[in-house]
Amino acid sequence: MANGGPVVHGYPHLETVRSAITALYRRLSYDTVHAFATSVAPVDVAFADTDDLYPGVQRVARELVRHYRLPDARMIVSFREMQHAASVELAAGPEYFIELNDRFRTHRRDIGAALAHEIMHVCLHRLDLTFPGTRDNEILTDTATTYLGAGWLLLDAFREDGASSQKLGYLTPEEFGYVLAKRSLAFGESPETWFTSAQAYTAYTQGLAQARRDGQQPPLTAAGWAGRRRYAKDRRHAQVHGPQSALPGGPYAFSSGGTQERSGLRVAFPCPTCHQRIRVPVRGRVRARCGLCRTVLECDT
Ligand SMILES: [Zn+2]
Ligand SMILES: [Zn+2]
């Protein structure tokens, strides 16, 4: 896990984050993802600077192991001077060795955040779910940590005051907020009251606005006026000149459904929950259901 450096803002990793959410649903299935309907509770991972160090670390690690449903896994946590915030050795198990940066000895309240990320590496390792390259794999890890209910800790570890800033993980604060909001929308959770960091709360509200926009893209009926107008224009173009003629780059793409008839036109767009591609016929009001995350999609195609 990375440590230090200037804090990057915005959504530079959004495409990889979305691919990670799709990959989670594919690898775990809808039922397993929804077994994580309850997040790690703040009280269960709270760690005060007055708590004893090693018993406290083991307590928080056990709580995360329980949350991630790794019944036989045991985390052996130690501290040492290191450049990174934390690291884990991915071996066959059932014992896994995690090293935390020495500074956590005196910053105990963020130990839960560091362990949430490192233990998720163990989860993904056991699921044999990886993205190629360190960068994308770390984004997958942060996204999975957050989508499965422990990543709000990583967002809450983001703090800025006049003199210093701290952020853990590879996602930007807004991206953590976005994934947390995607989770909140899918599970009906309200994490607003869990934050101790004002900057984390702000990033969450920004991520929430971004996540809501995913559900307001055409051809979804919740799309705004401008989006619908653009969609109608693109659709007309596809109907007149053929689906391949449409300009690429939009949130949707037209294709022919296998016949030359106009009624054979289809439109593909990302599911606003899991970002799998959905394809529906172009014929006015259509209700579709995402086969991966089971979201019901009201479309006006
Ligand atoms: Zn990592
Ligand atoms: Zn979906």
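Scan the stretch 1-34 for residues that are modelled with pLDDT of 95 or more, more than 13 Å from ligand 2 (Cβ to nearest atom) and at positive phi and jot them down.
Within the stretch 1-34, just 10 meets the criteria.
Residue-wise test of (1) within 16 Å of ligand 1 (Cβ to nearest atom); (2) not polar (S, T, N, Q).
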residue	(1), (2)
16	yes, no
21	no, yes
34	no, yes
43	no, yes
86	yes, yes
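Of the numbered conditions (1) buried (at least 17 other Cβ atoms within 10 Å of the Cβ); (2) modelled with pLDDT of 95 or more, residue 254 satisfies every one except a single condition; which is it?
For residue 254, the failing item is (2).
Give the residue, chosen from 187, 176, that is in contact (Cβ under 8 Å) with a residue 24 or more places away in the chain and surrounded by 23 or more Cβ atoms within 10 Å (Cβ to Cβ). So that I can check it myself, show each step before the final result.
Values: 187 fails: surrounded by 23 or more Cβ atoms within 10 Å (Cβ to Cβ).
The match here is 176.
The values are calculated or read from the model by the stated rules, or taken from the named source; none is laboratory data. What you are looking at is a predicted structure, and each value in this text was computed from that prediction instead of being measured. All Cβ positions, even for glycine, are placed from backbone atoms using ideal geometry, and neighbour counts span all protein chains on display.
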